[in-house]
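What follows is a short report on a single structure.
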Amino acid sequence: MKKIGRVVKNISNCYTVDIDGKRFDCIPRGKFRKDKVSPVVGDEVVIDVLDKTIEEIKPRRNYLNRPVVSNVDMALIVTSVKKPDLSLTLLDKLISIVIMQKIEPVICFSKLDLLEKKEIKEIKLLKKYYESIGIKVVVNKNKGRIKRILKNKVVVITGQTGAGKSTLLNQLDPSLNLETKPISEALNRGVHTTRHVELYQIGSFYMVDTPGFSALDFKGITVDDLKSSFKEFGKYQCEFSDCTHQKEKGCKVIQGVNKGDIKRTRYENYLRFLGEVYESNSKLYK
Ligand SMILES: Nc1nc2c(ncn2[C@@H]2O[C@H](COP(=O)(O)OP(=O)(O)O)[C@@H](O)[C@H]2O)c(=O)[nH]1
Ligand SMILES: [Mg+2]
Ligand SMILES: [Zn+2]
């Protein structure tokens with residue numbers, strides 16, 4: 001008997017498939033190995049319920065490398081403002097990468113309780129800027145709003161080790177009981193507290209708790225992909241349509257930065273990522 005379900009967990013060659021709340025531990029058919037494709041967490045698959053085999057993988061809407069997961073609607077980017085320190089470069093990189101994967105980014109600031117009043121003001125300005133370019137921003141204390149935003153979505157949670165991802169998931173669903181660690185311990189041991197990829201059902205949404213991203217690259221990404229992931233650049237018509245917004249004459253993006261309409265850290269991160277795109281493309285053709 002064949003049925004369609006979703007892969008919610010993977011440990012080596014065993015895939016747990018959820019069908020309406022029932023779980024089946026399945027092994028992929030040999031043909032997948034022959035074709036060098038394997039199912040991943042998030043995949044919609046056809047399984048043979050009696051044989052406990054995965055027969056077919058449905059086309060993926062998107063696919064992430066770290067963690068390996070597919071068909072994701074939203075990415076909750078947990079960003080601590082202290083311990084570890086706020087990194088706008090990591091935040092902007094995660095935003096760009098998830099947008100390029102056709103996933104909606106949602107910024108979740110954590111550890112605001114560790115800030116002075118003046119510093120909180122800066123975070124509020126930051127929040128305002130990201131919201132002005134169409135990105136939802138929440139704080140980790142506001143569980144009700146987070147639940148409303150994530151309702152009915154498949155969500156990936158990401159951010160640095162120690163940012164508070166597992167803590168947040170435990171608060172959203174105490175039955176999860178995920179391991180959490182103070183940052184110093186996590187770093188000293190040099191291990192991530194999360195060991196395998198798994199989709200957890202939390203009320204009406206699915207979520208992946210993942211190891212902190214350590215290396216993110218722009219392999220296979222074009223300059224155009226990168227440009228359009230910086231949503232706020234979209235409304236500026238530069239003199240040349242292939243403008244890379246570096247030093248070109250008549251670049252309206254640079255004018256926008258100088259006028260203060262585009263946040264300078266965003267522009268600087270764009271230039272940094274552009275360099276990385278060029279570098280990874282040149283490696284590709286060597
Ligand atoms: N002060 C403060 N600490 C937090 C907050 N959220 C998480 N933590 C702490 O940060 C540490 C790392 O949290 P954890 O959830 O393991 O981070 P993960 O690596 O992103 O999963 C733990 O000691 C948590 O108790 C927060 O909002 N404020
Ligand atoms: Mg964790
Ligand atoms: Zn330009």
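Coordinate-derived values only; no laboratory data. All figures in this text were calculated on a predicted structure; none of them were measured in a lab. Here the Cβ positions follow ideal geometry from the backbone for every residue, glycine too, while neighbour counts run over all protein chains shown.
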> Separation of the stretch 216-234 and the stretch 89-137 by C-alpha centroid, Å?
Replying inline: 18
> How do 238, 108, 14 rank when sorted from fewest to most other Cβ atoms within 10 Å of their own Cβ?
Replying inline: 14, 238, 108
> How many percent of DSSP beta bridges within the stretch 63-194 run antiparallel, rounded to 5?
Replying inline: 10
> What is the gain in length, in nm to one decimal, between residue 179 and residue 83 on full extension, counting 0.36 nm per residue of separation less the C-alpha to C-alpha distance?
Replying inline: 32.8 nm
>> For the pair residue 119/residue 201, report the inter-label distance in nm, with labels modelled 7 Å from Cα in the Cβ direction.
In response: 4.0
> When the chain is modelled as a GNM with alpha-carbon springs shorter than 10 Å, which of 227, 249, 118 fluctuates the most?
Replying inline: 118
>> As I understand it, the dipole of the stretch 64-209 uses +1 on the Cβ of Lys and Arg and -1 on the Cβ of Asp and Glu, about the Cα centre. Which of 139, 160, 175 lies farthest toward its positive end?
In response: 139
>> What are the ³J(HN,Hα) couplings of the stretch 68-75, residue after residue, when phi is run through the Karplus curve with 6.51, -1.76, 1.60 and θ = phi - 60°? Round to Hz, x for glycine and proline.
In response: 6, 7, 10, 6, 8, 8, 9, 10
> What lysines sit close enough to residue 283 to cross-link, taking a C-alpha to C-alpha distance under 18 Å and skipping anything fewer than 8 places away on the same chain?
Replying inline: 219
> Long-range amide H contacts for residue 79: which residues qualify at under 5 Å (H placed 1.01 Å from N, peptide plane, sequence gap of 5 or more or a different chain)?
Replying inline: 108, 109, 110
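Using a 10 Å Cβ count of at most 13 others and DSSP loop calls, identify the longest part of the chain lacking such chymotrypsin sites (Phe, Trp or Tyr not before Pro). Mind dumping the intermediate values first?
Details: sites that count: 240, 285.
Counting only loop sites that pass the neighbour cut-off, the longest clear stretch is 1-239.
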> Which whole-number percent gives the relative contact order of the stretch 223-284, counting Cα pairs below 8 Å spaced six or more residues apart?
Replying inline: 30
> Can you pull out the cysteines in the chain that have no other Cys Cβ under 4.7 Å?
Replying inline: 14, 26, 108, 251
>> Which of 23, 66 has the fewest other C-beta atoms within 10 Å, and how do the rest follow up to the most?
In response: 23, 66
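Would you compute, from DSSP H runs of 4+ residues alone, the mean residue ellipticity of the chain at 222 nm, taking -39500 (n - 2.57) per run and dividing by the full residue count, rounded to the nearest 500? Don't skip to the answer; put the middle values down first.
Details: 9 runs with 93 residues, N = 286.
Roughly -9500 deg cm²/dmol at 222 nm, from the helical runs in the chain.
Rounded, prolate or oblate: pick one for the chain, where a ≥ b ≥ c are the square roots of the eigenvalues of its C-alpha gyration tensor, a/c under 1.5 means rounded, and failing that, prolate if a/b is larger than b/c, else oblate. Mind showing how you got there, number by number?
Values: a/c = 2.08, a/b = 1.39, b/c = 1.50.
Oblate is the answer for the chain, as a/c is 1.5 or above yet b/c matches or exceeds a/b.
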> Which is farthest toward the positive dipole end of the stretch 2-59 among 5, 30, 47, measuring Cα position about the Cα centre, with Cβ charges +1 (Lys, Arg) and -1 (Asp, Glu)?
Replying inline: 30
> Where nothing but the Cβ of Lys and Arg (+1) and of Asp and Glu (-1) is charged, how large is the charge dipole of the chain around its Cα centre, in debye to the nearest 20?
Replying inline: 420
> Non-local amide H neighbours of residue 43 (under 5 Å, H modeled in plane, Pro and chain starts lacking H): which ones?
Replying inline: 7, 70
>> Just to confirm the number: angle between the C-alpha axis of helix 264-284 and the first principal axis of the chain, 0 to 90 degrees, nearest 10?
In response: 60
>> I want to check the label-to-label distance for residue 128 and residue 46. Put each point 7 Å from Cα in the C-beta direction and report it in nm to one decimal.
In response: 5.5
